[in-house]
Structure formats: structure tokens, C-alpha cells
Amino acid sequence: MKVAITLAAALCGAPAFAGWEPTKPVEIVVAAGAGGASDQMARMMQAAIQKNNLMKQPMVVSLKGGASGAEALMYMKSSEGDPNKVLIAYSLIYMLPLSAKIPFNWRELTPVSVIALDQFVLWDNSAGPKTVKEFVAAAKAASSPFKMGGTGSKREDHVLTVFLEQKTGAKFSYLPYKSGGEAATQLVGNHTESNVNNPSENLEVWRAGQVRPLCVFDKERISYTSKVTETQSWADIPTCKEEGVDVQYLMLRAMFLPGKVTPEQQAFYVELFHKVTQTAEYKDYMEKQALKPIFLTGKDMVQFLEEDDAVNKSLMTEAGFVAK
Amino acid sequence: MEAFGLLLHGFAVLLTWKTLVLMMVGLVLGIFVGVLPGLGGPNGVAILLPLTFTMDPTSAIVMLSCIYWGALFGGAITSILFNIPGEAWSVATTFDGYPMAQQGRAAEALTAAFTSSFIGSLVAVLLITFLAPMISSFALKFGPPEFFAVYLLTFCSFVGLGREAKHKTVISMSLGLLLAGVGMDTVSGNLRMTFGSADLLRGINFLVAVIGLFGISEILLTMEERLALRGHAASISLRVVLGVWRDLPKYWVTLLRSSFIGCWLGITPGGAIAASFMGYNLAKRFAEEPESFGKGRIEGVFAPETAAHASGTSALLPMLALGIPGSGTAAILLGGLMVWGLNPGPLLFVEHKDFVWGLIASMYLGNVVGLVLVLTTVPIFASILRVPFAAVAPMIVVSCAIGAYAIQNAMFDIWLMLGFGIVGYVFKKIGIPLAPFTLALVLGNRAEDAFRLSMIGSGGDLKVFWSNGLVGSITTLAILLLFWPVFDRLRAKVAMR
């Protein structure tokens, strides 16, 4: 009986993994500090893989957030041919080489899959203005510019701030903090007037009633309708376009292997992360953090990356953040 | 009495066999690390940190904080028996502890050190228990100017209150600040001083520097000076212990004063070392016969040890509530928290109650268990003395190298550590204190960011550092402390007349 079960399991599981499987613990490389969105996502995947037995080898999270994530990029670049390291990437792969002249190009890595898209939301303190219109009016009327907190300099949050200024005519002074968590705490403590954190970064303080979401930077509302706070769900947040501020930005969350790995190794991870996206852990996480589900791989992924790269490049150029 | 209920909850989290075993393991490892010359608290915790990466946060912090308590207890052993301070703050313990050992009163000195450590920590833990809930709302008042003011206070108090020559402290601190600038600059998003090297991208890790500066350089010095550890045999009998305890009430003023100084300086980040010296100096100043200090007076052990432990313990409070480490070891624990996925800050007390109160409860338990453990195991640890230095030194070097490598899994860091070992050796030779250098390396970056963020926010107006009562009083206090020696001299002159 036991033999039959083992055989059946082997038959079902085996074809996908034919050829290659990791023989060492797999390192999931996070290009950000502890507790940030990438780190949380990495830990979710680690748990999903472990609980559902998707891989024989254990997965370890390795934080390489030094130099605003450049450390992780250089680490992946120098690990050429090592199939036991996966990077959980976001738009820093386009932006860092432009702003800080890091000698890195994502085309040198092996793309595995795009697993989610992250939103950006305009938040203010719950004691502040209640709508985008009031917020913009208050920012324009203020004697000294409103302070906008964000993560890092010349990155997503900073770019969004520049475009917010262009579309509304209001002026902000942008304060670059080390993490989204810090930006959240500073908004709660009234040291900044607003931030453009990802949903996951402000989730806890929103639930605690300390901050208010004003609008989401996407062309459609977030789809999740179950209540997050006592009165509101993610779907209740209007888009910025609805509120008269036409700024849109989504950030990819994608998995990469180092360069020069074999197609079998790549195939193993494509399959692995495809299975991850079907687990309950992944689905829960997507809803809780208000992420947009997506799964792209192969040619589709490369095409997506090229287009996304072009968008980011033009935004960075327009904002004046490209290093000469 | 909300705190009391939460504390009981903390004990409930803690009282599982697994945690208790981890606690014992941590304490024994800690004492061992404390006894090994050249290691001590920060290094020990740094080296053993990766062991805890796979544990859940509560078990991990319990084990690490027990390593910390153990190392504090152990540090006193080397200070008293060998005249080698395990930590910067046990330096003051050697002033009277070592003479006592030379007079054959080692057991008495050790008991005094352990007991006063215990009392100091206990006072600080009580303070944490009842102040912690208030601290988290207080913490929200901290924006960039407030943070900068606190860092400024730390730097200034080092210069103003330190015992070393002022210019040497400033030199050491400036070098630390310079090296803290290596890597990515958060505010501008540009790279600085990396010279195109991928290894320098992530900046100079403070732990790597500490292991080299303290551990490796101590080995180099020992090799040069004596090639052997000299020490005195020690055993503790129940009679001696009870004898010291019976005399304890006589010294209540000293104990209370030192506890108070310790807690105050511990909560003000970076004060632990200053606390032990201040405790010692004040005990001396108020004693009836100050000239007997330094010749083996038991109060000379009580005062610095109580203050050092009170500050070492209360230093964890700003680390948890504000994310600002009050001591080297707290800075390492802070790194640990982040590795376990906990963000220290105001909301830690709200969102991770189990963790915070488990930690506070572990401070009570860890100290009680630790006291019993050190009193019973001193003879065993003291026997390390009999191992030839030639055998101990390579072991220490290897453990330092493993520690440096494990922090970021980078071979480059081992070379960096050796480099810092030589730097530390040279510094010790020419009498430049290492503590300000380390402090600047840990806080330099944050201080710079906080200053520049304040400037962006205020549009370049320095008045922002006096813009409200909180930031204004911290900044003013910082400047007063910086010029403290000048005031002190003026006062002395006036008194002379």
C-alpha cells in the first residue's frame, strides 16, 4: 500500500522535475531590509513551499538590502551559473543602474516568472485632509511645502512625488527614509504630511486608524472587497484618476536566477513558482497585501520586462534622476 | 496594573521547556564568551547571532539576551582575575577588583561583582516593565530633528564625559564617521567612497569592525606583551557569598546611586560605558576616605558593576521602542530583530506583545538563573587560565573569523576584520580610544540621515533643533555635555579661591 502511494506521488510529481532538482538549500535573495514588502513576500513563499512540500530542499531567506538593494543585484550578478539562488526583484532592477550607475543589467540574469504587481497608494495622517481635492488644496495653501515621506532617493516613491507635483501644481519636500516602515511611523507621528507607501507597508497603521488612504495610483480600483478596517475595504479607495490626478504606477514582483543556468534548472523554478501561485498561502497573502495577481513566464515575461523597463526609463529621465 | 498582567503573560510565553533550555544554553555560552579574553558581549552576541536565524523571534531573543547577560557576568570574571576587561564598561571594575584579587580576596570581589550586576539589572528591568507602555507613545514624538538631537547627545557625552584625552576621542570619532559614510547614501541615492568595488557597496559592517578592533587587536597585544594569561585561582564558598550579602545593606546608597545613573544613561543612547565610570567616580567622590579607592575596596566593585548593568539593561528600551541601540550589544540585537522580521519602533509594543513581554520576562528569569549559574561555575571557568595561551589564541582568532564571515557571508569581511585588528592594535598602542570609533561607525549614518532630513524638512534652518521643548532640551543638554570639562574646570577654579 505504502509503495503504491509513493509510486503514485513519484509519478505525479516527477515529470515536471525531470532532469534537475536543487541538491542544496535554495537561497531566496531579498533586495531590501527586514520587514519590508520583499522580505515579507519571500517569507510567505518560504512557508508556502515548506508547508505544501513543493521542494525537497529547504529554502532560506537571505537579506541583501545593503546599498538600497544594490548589494543583492551585485550578488546575483557574481553568482553566475549557481542555480541555488533566486532573486525576488522589483523595479529597482531598472532604476538603480540609472540613478546610481550600478554596473548591472537585468538581461544578464535568467528570468523565471513575474508573480505579482504591487500598488501604490497616497496616504495622509487620519487627522489630515479627507479627500485628494482637500489634500491638494491644503498642500498648495501651506506656507512651507508639505512633507512627503518615502523609501530611498530617486526611486519609485520619489518618482511618484515628482509626477504628483507636475499633475497638481502643489509642491512637496520629499524625505527619503530607509524603509517603508519608517515612512509609515513618521506619518503616524505627524512628522510628514503624507506618503505613497505600498498597501502592505501601511496596512497595520491603517488598521489602527492612524492613517487614511486617499487614492490608488492605478487605472482601476483594487479588486479586494472584504473589510480591512471596520468600515473600509481596499476596493473602497478611489483611483487617483477618479479624483482628478492622472498618475499611474505599478511595480513588478518577479523572480530571477543568476545568469548562465541551464534550461532544466530554469524550468524547475518556473514550475515551482507556478505551484506557489496556486497555494492558499499565496492567495491569502495577495489579498491581505492588496497585490495584483499575475503570472508571466518565458517570452511573455521578457516582453513585459522590456516594456516595463522602457516605461521606468522614461519616468526616470523625465524626473531628472538619471545620473550623467 | 496593565504592565503587571502583560508581564505575567510574558512569563507564560516563556515557561516552556524549550525556552528554558535555550536560556541555560545562552547563559553558559555567554559566560564562556565573557571569560575568553578579547571576546566579550558584542563580539559574543555577534558571533552567535547566526545560530538564531532559524528560530522563532521569541526563542531567538531569549537565547541572545541570555548570551548577553552571561557575557556581562563573565566579563567581570576576567576583569577581576586577569585585569583584562571583557567589555569597555568593565574597565572601571578592574580598578578595585584586580587589587582585591591580588590580596587573595578574589572570591569576595567576584561575589560583589555578580551581586551588584544582578541588582543593577533588576532595577533597570523594573523600570522597563512599568515605563515601556509609556515609551511607545513617547517614541512617536521622534521625527528627524529629535533623532538627530539624541545622536548629537550621544556623541557629545562621549567627548565631554569620557576619561580619555578630548582630542583623541574626537580623532577616533571622526575616523569612525568617515568610514560610516562608505556605501550608498540614502538621502541622495548616490554611492560614496566605494571606488568601484562591489564589496564596498554595502558599506563597512560595524560588527566586522568590532570583532577586528577588539578581538584581534587584543590577541596581537597579548602576543607581544606576555604570551601568557596571568591570573589568580578562584573558588567561591558559600561562606564568602553570605558574608558579602550580609554587608550589602551597608552600601545601599552606592547601589541606589549607581542604579539611577545607569538607568538614566542607558535610556539616553550610548551611555553604558559612561555609566560605569560615572558610578565609580561618584562613589569615590562621596566616600569618606576616597584615597582608599583603587587599592581593593569592595565599593569600587559595587559601584561600576551596578551602573554598567543597569545601563546595559535599560539600553534595550530605546532599542525596542525607538530602534536606537543604547550600547554595542544592543546594536547587534537590533540587527537580530530585523533579521527575524521584527521592526523595532513604536508599534513593536503594540503589534508584537508576545515578543516584547517575553523578552522582558526573560530579563527577570535570565538574571536570577544567571546569578546562580555564575556563582556555581566560577572555578570551572577560571580554569581556562591554565590552558596555554598558544592553544587559546588560535581558537579565538578562528571564532572571530567565523563570526566576521557569517554576518554577510563574505570573504572580504575577513580581510576587513584583520585590517581592523591592526588598526585596533595601533590605536591601543598610541592611546586612541576605540569606543568612540565604534560608536561613530554604528550611529554615523543614522545621524547624518537624520540631520539631512531635518534640513530638507526645515528648508535649511538650524532653528529646527530648538523648535519644540523635547528637541530643544535634548540639543541644549548635548551642547552642555560637550563643554562639560570646561565648566568643571571653571567650577574648580572658583572653588580654589
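The values are calculated or read from the model by the stated rules, or taken from the named source; none is laboratory data. Please read these numbers as outputs of a predicted model, since none were measured by experiment. Cβ sites come from the backbone with ideal geometry, for glycine too, and all protein chains shown count toward neighbours.
Which of the following residues is among the β-branched types (Val, Ile, Thr) and at pLDDT 85 or above: B:Ile236, B:Ile204, B:Ile216? Can you show your working first?
Details: B:Ile236 fails: at pLDDT 85 or above; B:Ile216 fails: at pLDDT 85 or above.
It is B:Ile204.
Identify, please: which residue in the range A:195-219 is more than 19 Å from A:Thr151 (Cα to Cα) and at pLDDT below 85 and is, among those, nearest to the chain's Cα centre (by Cα)?
A:Arg207
Restricting to the range B:153-205, name every residue that is within 14 Å of chain A (Cβ to nearest Cβ) and of a type in the set (D, E, K, R). Explain how you work it out, then say what you get.
Of the range B:153-205, the ones within 14 Å of chain A (Cβ to nearest Cβ) are B:180-205.
Correct list: B:Asp185, B:Arg192, B:Asp199, B:Arg202.
Only residues that are under 30 Å from A:Glu80 (Cβ atoms), surrounded by 20 or more Cβ atoms within 10 Å (Cβ to Cβ) and either out of contact with any helix residue (DSSP H, G or I) (no Cβ under 9 Å at 6 or more places or on another chain) or not hydrophobic (A, V, I, L, M, F, W, C) (or both): list them for the range A:266-300, please.
A:Tyr269, A:Tyr282, A:Thr297 - these are the residues of the range A:266-300 that are under 30 Å from A:Glu80 (Cβ atoms), surrounded by 20 or more Cβ atoms within 10 Å (Cβ to Cβ) and either out of contact with any helix residue (DSSP H, G or I) (no Cβ under 9 Å at 6 or more places or on another chain) or not hydrophobic (A, V, I, L, M, F, W, C) (or both).
State all residues of the range B:443-494 that are among the hydroxyl-bearing types (Ser, Thr, Tyr) and either within 24 Å of the chain's Cα centre (by Cα) or within 12 Å of chain A (Cβ to nearest Cβ) (or both); if no residue qualifies, say none. Lay out the reasoning, then the answer.
Narrowing the range B:443-494 to residues among the hydroxyl-bearing types (Ser, Thr, Tyr): B:454, B:458, B:467, B:473, B:475-476.
Hits for the range B:443-494 are B:Ser454, B:Ser458, B:Ser467, B:Thr475.
So is A:Asp82 acidic (Asp, Glu), closer than 22 Å to A:Tyr285 by Cβ and either part of a strand (DSSP E or B) or in contact (Cβ under 8 Å) with a residue 24 or more places away in the chain (or both) or not? I'd like the intermediate steps shown before the answer.
Working: acidic (Asp, Glu): yes; closer than 22 Å to A:Tyr285 by Cβ: no; either part of a strand (DSSP E or B) or in contact (Cβ under 8 Å) with a residue 24 or more places away in the chain (or both): yes.
Answer is no for this residue.
Can you tell me which of A:Lys171, A:Lys167, A:Lys133 is away from chain B (no Cβ under 11 Å), touching a strand residue (DSSP E or B) at 6+ places or on another chain (Cβ under 8 Å), surrounded by fewer than 18 Cβ atoms within 10 Å (Cβ to Cβ) and not polar (S, T, N, Q)?
Within the list A:Lys171, A:Lys167, A:Lys133, the selection yields A:Lys171.
Specify the residue that is surrounded by the fewest Cβ atoms within 10 Å (Cβ to Cβ); the eligible residues are those in the range A:59-72 that are within 9 Å of chain B (Cβ to nearest Cβ) and either of a type in the set (S, T, N, Q) or more than 19 Å from A:Gly180 (Cα to Cα) (or both).
Ranking the candidates gives A:Val60 first.
Restricting to the range A:192-208, and then to whatever is out of contact with any Phe, Trp or Tyr (no Cβ under 9 Å at 6 or more places or on another chain) and among the hydrophobic types (A, V, I, L, M, F, W, C), can you tell me which residue is farthest from the other protein chains (Cβ to nearest Cβ)?
Once the filter is applied, the top-ranked residue is A:Leu203.
Which condition from (1) of a type in the set (Gly, Ala, Ser); (2) at pLDDT 70 or above; (3) surrounded by fewer than 23 Cβ atoms within 10 Å (Cβ to Cβ) is the one that B:Gly335 breaks?
(2)
Within the range A:75-95, track down each residue that is facing chain B (nearest Cβ under 9 Å) and under 26 Å from B:Leu342 (Cα atoms).
A:Tyr75
Check every one of the strands (runs of 3 or more DSSP E) wholly within the range A:94-184 and list those with 2 or more residues that are in contact with a Lys or Arg (Cβ under 7 Å, 6 or more places away or on another chain). So that I can check it myself, show each step before the final result.
On the way: elements: A:110-118, A:121-125, A:146-151, A:172-177.
So the answer is A:110-118, A:121-125, A:172-177.
Go through the residues of the range A:244-254 one by one and say whether even a single one is touching a helix residue (DSSP H, G or I) at 6+ places or on another chain (Cβ under 8 Å), of a type in the set (Val, Ile, Thr) and either surrounded by 15 or more Cβ atoms within 10 Å (Cβ to Cβ) or not in a loop (DSSP other than H, G, I, E, B) (or both). Before you say what the answer is, go through the steps one by one.
Keep residues of the range A:244-254 that are touching a helix residue (DSSP H, G or I) at 6+ places or on another chain (Cβ under 8 Å), which gives A:244-247, A:249, A:251-254.
Next, from what is left, pick out any that are of a type in the set (Val, Ile, Thr): A:245, A:247.
Restricting the remaining residues to those that are either surrounded by 15 or more Cβ atoms within 10 Å (Cβ to Cβ) or not in a loop (DSSP other than H, G, I, E, B) (or both) gives A:245, A:247.
Yes, the range A:244-254 contains at least one residue that is touching a helix residue (DSSP H, G or I) at 6+ places or on another chain (Cβ under 8 Å), of a type in the set (Val, Ile, Thr) and either surrounded by 15 or more Cβ atoms within 10 Å (Cβ to Cβ) or not in a loop (DSSP other than H, G, I, E, B) (or both).
Report yes if some residue within the range A:215-229 is β-branched (Val, Ile, Thr) and without any contact (Cβ under 8 Å) to a residue 12 or more places away in the chain; otherwise report no. Before you say what the answer is, go through the steps one by one.
Within the range A:215-229, the first condition is being β-branched (Val, Ile, Thr), and the residues that meet it are A:216, A:222, A:225, A:228-229.
Now narrow it down to the ones that are without any contact (Cβ under 8 Å) to a residue 12 or more places away in the chain: A:225.
Checking the range A:215-229: at least one residue is β-branched (Val, Ile, Thr) and without any contact (Cβ under 8 Å) to a residue 12 or more places away in the chain.
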